Amino acid sequence: MLEIKNLSVSVQNKIIINSLNLEIERGKKVAIMGPNGSGKSTLSNVIAGKHGYQINNGKIFFNGINILELDPEERAAKGIYLAFQYPVEIPGIANSSFLRTALNSIRKYNGEKDLNTREFLEECKDLSKRLNLDASFLSRDLNTGFSGGEKKKNEIFHMLMMKPKLCILDEIDSGLDIDALKVISDGVSKYSNENNSLLIITHYQRLLDYIKPDEVHIFNEGKIIKSGDYNLVKTLEEKGYQEFV
Amino acid sequence: MTTSETAKIVEEASEYKYGFTTDIEQEFAPKGLNVDIVKFISKKKNEPQWLLNWRLNAFDMWKKRKYEMPKWANLKYDNINFQDIHYFAAPKSDEEKPKSLDEIDPELLRAYNKLGIPLKEQEFLAGIKNSHKVAIDAVFDSVSVATTFKDELNKLGIIFCSFSEAVQNHPDLVKKYLGSVVPTNDNFFSNLNSAVFSDGSFVYIPPNVKCPMELSTYFRINAANTGQFERTLIIADRGSYVSYLEGCTAPMRDENQLHAAVVELVALEDAEIKYSTVQNWYPGDKNGNGGIYNFVTKRGTCLGDNSKISWTQVETGSAVTWKYPSVILKGNNSKGEFYSVALSNNMQQADTGTKMIHLGKNTSSRIVSKGISAGKGQQTYRGLVSVLPNASNAKNFTQCDSLLIGNDCGAHTVPYINVRNELSDVAHEATTSKISEEQLFYCRQRGINEEDATALIVNGFCREVLKNLPMEFAVEAKKLLELSLEGAVG
Ligand SMILES: Nc1ncnc2c1ncn2[C@@H]1O[C@H](COP(=O)(O)OP(=O)(O)OP(=O)(O)O)[C@@H](O)[C@H]1O
Ligand SMILES: [Mg+2]
C-alpha cells in the first residue's frame, strides 16, 4: 500500500529524515517508536503532504503512484488519513459540518454524489455512541475548547467516519485516560482489516498491547535502526532506547 | 463551443457575477449639479413645495462645503468630479408608472431575475424549507420599479412603498421624520443626498403590529456615470416590530460610480427594528479600476423607552466603503446592536464601524465586528461608544476581530470611547489573527481544498454575525463571502 524509498527530508537545512526505506503492506499494522525529536511527526506530515519541508531525495508510492507531487487534499481523497498529534481548532465551524464538508469534498473528487445528510447524521450519532462521545460533541466548534483527550477521540471519530485506506496515528494515545484508550483502541482494531493499513506512532506499549502490530520499527535520527515484531516493544519497554542507539 | 468561449465563461463565472448591464431605454437628467437639477428631480417626482424647499436648502448648505469631501477616514480614492455625474436616471418605460407587475418592462424583470430577485409575489427561494415570504421593493437606478405583497401588508396598516410614493400618499409622516435622525448637514454625503436623493423605500409599521414578513429592497445601479442617492425611512410605531433587508448590485464599469445613501430608522416606545444589509456593489477589478464608491449614512434613533434597533451588515462589495450604521439610544432601557462582516479583497478599501450614543438610562449596546482582509485589501474598524451624563447604568460591549489572509493586506482598529457617566460599563475586546498554515493543512488533510478551507475558516470567523441574518440571507451571504474570496489564496 505504502512504499517509502530512500527518503531524505530537511527543514531549514537540517536533515530530519535520512535515507528512509519503509514499506507498509495492505492489511498490515505497522508501529513506529522512537525518541522525542527523532522525526516521527515529520514523516507523518510528509506522507500527508504538508508544505514547508524540503524533499532532498526519494519517493513515496501509494498504491503504485508517486504521491510527492500531489496536494494534501488529493492524497486525502486517495485514502490517506492522518490523526494529528496536535489537532487544530477551528472556531465557528461545527464538528459535524466540518466532517460533512470533508466527506463531500472527497466524494466530489472521486466523482460521487453528496452524502445524504440524514444518513450522515445517523451514522455520526451511532458512532459517537460507540466511542462514548457526548452528543454535544457533534455540534461543538471543531476541536475548539476540547480537552486534550477529547481532541484525540475526535481524530478517531473522523477516521472511522471517513474510512481511509491508510491510517497514520501520530501518538493517538497521548492524553487519553485508561478507559478512553480502550474504547479508541477497540475502534481502531475493529476497523483494521485486510484492505487497509495502519501506521501507528507511539511511545507506549499499552496501545500496542491492544492493537497488536504486525511489525515494529525503532526510529532514530530520521531512520529505522531496528525492526522486529511485537516482542521488540517489550525489549524496548525494559531497556529503553539506549540499547539500540 | 470553442475553447476561448469556454475560457471566457469560466472566467466570467469566477468574477463579479452581477456585472451585466441591462439594455433598456433610459431617461437621464443632464450631467452636473446645480439648482436647476435639484428642481428637475423634484419636478420629475411631482413633489410638494415644502420638499423642494427642503432640497434647495440642502443644496445651499452643500455648496458651502466647496466639494470638500471628508478626509479623516483611512481611505485613498480619487477626488470625485461632482459635475460629471448624472443625478437622475430612470428607465423610460417608467414614465407612466406600472400599475401592476404585469406592466413592468420585461427587460427589467429579466434584469432582476438574473440577480435572483423574482419580482413576483411568490415565496422567496422556494427551494428552501421554512422559507417565508419576503416583500420586495426594487430600485433601479433612481426609481423604484416594483413593490410586492402590497395588499397583504395594507390589511395590517403597514406602509411599504417607494419613497416617492410615500411623499405623495403619506406626506405627514415623511414631513415629520425626514431628516429627524440624520440632519441635512450631518456630513458631506448626507448633505448631498438631501439635495438630490432619488428614490428608496419607505416603511411605516402601525402601533402593536408585528410585520409578518421580511421587507426587502434591492438596489441596482445600471446606468453609466450615474450616482445613486437613495433615501430610506423606516418608522416603527409603539410596540411594533419589523425586519428589513437590503441588497445591492451594480454592473462592471471601468469608471468609479458614486453611491451616497441615507437611511433613517425611528423606533418608538417598545418597538424593534432589525435592519440587515448584504452589500455587493461592484468592487472594481483586481488592479483597482472601477467599482462603486460607497459613502453611506445610516442611523437609527431609539426614540421611545424599551425600543431596540439592530444593524447587521455583510459588506463584500464596493471599491471604497465609508459606512457607520449607528444608534442613538434616547429612550430609557433602549438597546442598540451592530453586527458586521466586512471583507476587502484585491484593492478594496473599507472604513466601517458604528456609533452608539447612550443618552437614556439603562441603555445597552453591543458591537460585533469581523473584518477580513485579503489580497491588498485594507480594512479599518472605526467605532464610537459615547455615554452621556444622564445615561446611568449604560452598558456597552464591543468585540472587534480582524482576520488577515496573505501578507499584503491590512487591518486597523480605531475605537473611540467617550464616557461621561461613572455608573456605566464599557468593555472593548479586539483580536487580529491570520489563517494559520496549521489550520489550512488540517482541512486539506481531510480532503478540503485550500480555497474551500479558507472559505470555511472565514465563515467560522463570521458566524456570530451571520447567524443574525434571516436564513435566506445568511445562505446568500455565505456564498457571497466565498465568491469574494476567490483568488485570495494560492
Ligand atoms: N518546521 C520546523 N522547523 C524547525 N524544526 C523542525 C520543524 N519541524 C520539525 N523540526 C525539528 O525536526 C525534529 C523532528 O521533529 P518531529 O516533530 O518529527 O519529532 P517526533 O519524532 O515527532 O517527536 P515527538 O516524539 O516529540 O513527537 C525536531 O528536532 C524538530 O525540532
Ligand atoms: Mg511527534
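Descriptive notes on the structure:
- Number of the exception - A:Asp177 against (1) within 16 Å of ligand 2 (Cβ to nearest atom); (2) open to solvent by 10 Å² or more (accessible area, probe 1.4 Å): (1)
- Residue within region A:104-113 that is under 16 Å from B:Leu440 (Cα atoms), facing another protein chain (nearest Cβ under 7 Å) and in a strand (DSSP E or B) present: no
- Exactly one residue out of A:Ser10, A:Ser97 is more than 14 Å from ligand 2 (Cβ to nearest atom), outside any loop (DSSP other than H, G, I, E, B) and over 19 Å from A:Leu160 (Cβ atoms): that is A:Ser10.
- Residue match in region B:205-219 (condition: at pLDDT 85 or above, within 26 Å of B:Cys462 (Cβ to Cβ) and not in a strand (DSSP E or B)): no
- Considering residues of region A:1-21 that are open to solvent by 10 Å² or more (accessible area, probe 1.4 Å) and within 9 Å of ligand 1 (Cβ to nearest atom) only, the residue nearest to A:Phe219 (Cα to Cα): A:Ile16
- Number of residues in region A:71-89 that are open to solvent by less than 20 Å² (accessible area, probe 1.4 Å) and either among the hydroxyl-bearing types (Ser, Thr, Tyr) or more than 16 Å from ligand 2 (Cβ to nearest atom) (or both): the value is 7.
- Condition check for A:Arg75: in a helix (DSSP H, G or I), closer than 13 Å to A:Leu2 by Cβ, away from ligand 1 (no atom under 16 Å from the Cβ) and touching a residue at least 12 places away in the same chain (Cβ under 8 Å): yes
- Residue in region A:197-207 that is more than 16 Å from ligand 2 (Cβ to nearest atom), among the charged types (D, E, K, R) and either within 14 Å of chain B (Cβ to nearest Cβ) or more than 24 Å from A:Arg130 (Cβ to Cβ) (or both) present: no
- Test for A:Asp141: is it over 18 Å from B:Asn449 (Cα atoms), under 20 Å from the mean Cα position of the chain (by Cα) and surrounded by 15 or more Cβ atoms within 10 Å (Cβ to Cβ): no
- From the list A:Ile32, A:Ile24, A:Ile93, the lone residue that is touching a residue at least 24 places away in the same chain (Cβ under 8 Å) and within 16 Å of ligand 1 (Cβ to nearest atom) is A:Ile32.
- Against the conditions (1) open to solvent by less than 40 Å² (accessible area, probe 1.4 Å); (2) out of contact with any strand residue (DSSP E or B) (no Cβ under 7 Å at 6 or more places or on another chain); (3) away from chain B (no Cβ under 14 Å), A:Asn132 satisfies every one except (1).
- One residue stands out in region A:150-166 among those that are touching a strand residue (DSSP E or B) at 6+ places or on another chain (Cβ under 7 Å) and part of a helix (DSSP H, G or I): the one that is surrounded by the fewest Cβ atoms within 10 Å (Cβ to Cβ), namely A:Met162.
- Candidates in region A:13-52 are the residues that are part of a loop (DSSP other than H, G, I, E, B) and within 14 Å of ligand 2 (Cβ to nearest atom); of these, the one that is nearest to the other protein chains (Cβ to nearest Cβ) is A:Lys50.
- Verdict on B:Ala430 being more than 8 Å from chain A (Cβ to nearest Cβ) and within 18 Å of A:Ala77 (Cα to Cα): no
- Selected residue (criterion: nearest to A:Gly79 (Cα to Cα)) from residues of region A:190-245 that are part of a helix (DSSP H, G or I) and open to solvent by less than 30 Å² (accessible area, probe 1.4 Å): A:Ile211
- Checking B:Ile457, B:Ile448 one by one, the residue that is at the interface with chain A (Cβ under 10 Å from one of its Cβ atoms) and more than 16 Å from A:Asn143 (Cα to Cα) is B:Ile448 and no other.
- Residue list for region A:68-88, restricted to those being among the aliphatic types (A, V, I, L, M) and either at the interface with chain B (Cβ under 8 Å from one of its Cβ atoms) or within 17 Å of the chain's Cα centre (by Cα) (or both): A:Ala76, A:Ala77, A:Ile80, A:Leu82, A:Ala83, A:Val88
- Residue in region B:309-317 that is open to solvent by 10 Å² or more (accessible area, probe 1.4 Å) and not in a strand (DSSP E or B) present: no
- Scanning region B:94-106 for any residue that is open to solvent by less than 20 Å² (accessible area, probe 1.4 Å), in contact with a helix residue (DSSP H, G or I) (Cβ under 6 Å, 6 or more places away or on another chain) and modelled with pLDDT under 60 turns up nothing.
- Filtered residue count, region B:460-482, keeping only those that are at the interface with chain A (Cβ under 9 Å from one of its Cβ atoms) and without any contact (Cβ under 8 Å) to a residue 24 or more places away in the chain: 2
The values are calculated or read from the model by the stated rules, or taken from the named source; none is laboratory data. The structure displayed is predicted, hence computed values, not measured ones. Ideal geometry is used to build each Cβ from the backbone, glycine not excepted, and the neighbour counts take in all protein chains shown. The accessibility values were calculated without ligands, DNA or RNA, using every heavy atom of the protein model including side chains. Shrake-Rupley method; radii C 1.70, N 1.55, O 1.52, S 1.80 Å.
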